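The values are calculated or read from the model by the stated rules, or taken from the named source; none is laboratory data. Predicted model, so just to flag it, every value in this text is computed and none were measured. We place every Cβ from the backbone using ideal geometry, glycine too, and count neighbours over all the protein chains shown. Accessible surface areas use protein heavy atoms only, side chains included; no ligands, DNA or RNA. Shrake-Rupley method; radii C 1.70, N 1.55, O 1.52, S 1.80 Å.
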Amino acid sequence: MRRVPSATPPEVVSVAADRLAIRGALTFETARRASEAGMRAMNASAARRLEIDCAAVTAADSAGLAVCLVWLARAQHDRRELRFANLPASIRALARISGLEPVIDRGT
C-alpha cells in the first residue's frame with residue numbers, strides 16, 4: 001500500500017522578477033522539498049532584492065522556520081536582500097520565542 005502524504009507538497013513559484021511565492025506546507029514532512037524548491041527559485045532569479053510571499057502556506061511548524069533561515073543564509077551568502085511577506089502566525093510565534101524575530105523581520 002502506498003503512503004499518501006498528509007501535507008500539501010510545497011511549491012515555490014516566481015510571481016514577478018523580484019517576488020516569489022510559496023504554496024503548500026512548511027513542515028517537518030516537507031522541509032527538505034521546500035528548501036530545495038526555494039533554492040531553485042532563488043537561483044533562477046537575477047533580482048538582488050527578493051520577497052517571498054507566504055500567504056499560500058497551508059501549514060507550518062518549526063521546520064518551516066528553519067527553511068526560512070536557510071533561505072536567508074543563502075541570500076546573505078549571495079549578497080542579496082531577502083524579505084518575507086505574510087509569514088504564517090506559527091512561524092512568527094516560533095521566531096519570537098526563539099529570539100529570531102528580528103532576523104526574520106529584517107531579512108538580509
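Considering each of 57, 103 in turn, give the residue that is touching a residue at least 24 places away in the same chain (Cβ under 8 Å) and in contact with a Pro (Cβ under 8 Å, 6 or more places away or on another chain).
Working: 103 fails: in contact with a Pro (Cβ under 8 Å, 6 or more places away or on another chain).
Of 57, 103, the one residue that is touching a residue at least 24 places away in the same chain (Cβ under 8 Å) and in contact with a Pro (Cβ under 8 Å, 6 or more places away or on another chain) is 57.
Is at least one residue of the stretch 9-22 surrounded by 14 or more Cβ atoms within 10 Å (Cβ to Cβ), farther than 17 Å from residue 86 by Cβ and charged (D, E, K, R)?
no
Quick one: which helices (runs of 4 or more DSSP H) sit completely within the stretch 33-108 and have at least 1 residues that are open to solvent by 70 Å² or more (accessible area, probe 1.4 Å) and at pLDDT 95 or above?
Values: elements: 62-77, 89-97, 101-106.
In the stretch 33-108, 62-77, 89-97 are the helices (runs of 4 or more DSSP H) which contain 1 or more residues that are open to solvent by 70 Å² or more (accessible area, probe 1.4 Å) and at pLDDT 95 or above.
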